[in-house]
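To start, the structure itself, in structure tokens.
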Amino acid sequence: MKLFRHTRLTITAVAVTAIAISTSIGVTGTGADAAITDSGLASRFSADLYGDVTTIGNREPACGHDCAEASSARLRIPEGATVAHARLSWASGLGEACRTDAPTASTRLRVGDAEAATVPGRVTGGDTAEADVTKRLSGLAGGTAVTVEGVRAGDCAAGWSLTVAYELPRGRADGVVKRHVAIYGGALTASESALRLDGFRRFGTAAPRLSATGYGDTRLSVNGTAIAPAGSHITDTPLPEGVIAAGDTSADIGISGAEPLLQQVALSVPVPDVSINATATPQRIGPGDTVVHTITVTNNGDAPVEDASFRVDLSRALDDATRPFDVTASTGESVFKGRSLKWTGTLPAEATATLTYSVTVKNPRPGDGKLESTVIGGTDTNCSAKKPASECFVKLSFPPRPKVDVNDSGTGIFLPVTGAPVGGLFALATVALLGGAALWLASRRPGRAR
């Protein structure tokens, strides 16, 4: 298994976080937004985070034209978690004799003890709509009570679901694993179809998780293994071992049934978690100084990372410094080629490797006075080429060597920093020197008696 990162996920402190959602679902009008993609589902959220995803919801049976049934559910997320993304989905007109118009494009959402507020939605099909409610839930944390109420079914069956991706502070001491979380929304009604989810590399011992919302006789499978039987409205479960194997980079979600309706699906997969940190000493440097660079690479997971690697780009340092010397790696191998120093090796679970090397600042300095290096790791590290963290950079500098240029008129020599003419400065220095000499001579004369 190549490159980087992971951890074990065992969430122990489960708290109840709360939302009060008041939804009034009808069949009035049609929305401007219809089917989103050829498959009927499109990406709504995709990110690597230290946390997971979960879905809650209810399905309401037909209860008459004017009835309004209360509906409640409890959202359980770990203590200290924050909401990274929240999506509210609802459906109506699910009975055979119901109208086929799209549902209302808005609903009512109440969070905690706050008053219910209107949430504009996006109609995604003849019976379904959804809304991004991340901002409404952004202040939630573990321990807040959650209540869902006020779903109106009327003459037709109806339902709703709330899917939440949450984050926790990083660190295995907290039982947190890095996962790739992908949430898809819309309305998929084609039987015997499949949705391929990718953008991850399965890693470690934590179980992947499937979270979905379906109606009717929707049946779900993952890579050919049946997960949700017909009639399942909310699916929110860890996947059996081997359904997504270590090293897999995609998964196929299968949808079947006579008249399926899949409104939302989310997949959470543990991924490698490798962190890199680069430092240099001393921080204050000048021509002739030797600078020692240290790079640590840590596997934060519970499985080995094979063929781990990173390279140090020295292209912005070698104009002012020598090529690396005293290169030492605690494990693995390193090689300098061109203007880069590359390290490769195997990182056991929870292990750290260290690479050190030195450079000497040239004297005299021929470059721009900057010693800058960048560590570039794999996509599963904090030093990926697309989004490197601050720990991946070393930036040192020292004052540039003064230059002199003849001014435009050719009448004198000017310093580039101050712009002052050298001749004028020389004159001032001469006057100051003569004045000082006169004062010194005067002080040497014998004093007169008082």
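Before moving on, here are some points about what is shown:
- Within region 258-284: backbone nitrogen closer than 12 Å to the S397 label point (7 Å, Cα to C-beta): none
- Remark: spin-label model distance F336-A230 equals 7.0 nm, labels positioned 7 Å along the Cα→Cβ axis.
- FRET efficiency estimate (nearest 0.05) - Cβ-Cβ, Q283 to T328, R0 25 angstrom: 0.75
- Exceeding the 22 Å Cα-Cα cut-off - candidates K178/K337; K342/K395; K342/K387; K362/K386; K178/K387; K178/K342: K178/K337; K362/K386; K178/K342
- Charge tally around N223: other residues with Cβ under 15 Å, Lys/Arg +1 each, Asp/Glu -1 each, net 0.
- Fewest-first ranking of R339, R316, using other Cβ atoms within 10 Å as the exposure measure: R339, R316
- Estimated from the Cβ-Cβ distance and a Förster radius of 22 angstrom, the FRET efficiency linking A194 and T134 is about 0.20.
- Stretch gain in nm, segment D307-E350, where the contour uses 0.36 nm per residue and the Cα spacing is subtracted: 13.9 nm
- Environment charge at S358 (Cβ cut-off 12 Å; Lys +1, Arg +1, Asp -1, Glu -1): -1
- Taken one residue at a time, the phi angles of region 358-363 give Karplus couplings (6.51, -1.76, 1.60, θ = phi - 60°) of 10, 9, 10, 5, 5, 9 Hz. Gly and Pro are set to x.
- Likely footprinting exposure, F203, F45, fewest C-beta neighbours within 10 Å first: F45, F203
- Charge tally in the Cβ shell below 11 Å around G242, where Lys, Arg are +1 and Asp, Glu are -1, G242 excluded: -1
- Long-range tail of P(r) for region 274-397 (Cα pairs > 25 Å, %): 22 percent
Laboratory data are not the source of any read-out in this text; all were calculated from the coordinates shown. Bear in mind the structure is a predicted one, so any value in this text is a computation, not a measurement. Ideal geometry is used to build each Cβ from the backbone, glycine not excepted, and the neighbour counts take in all protein chains shown.
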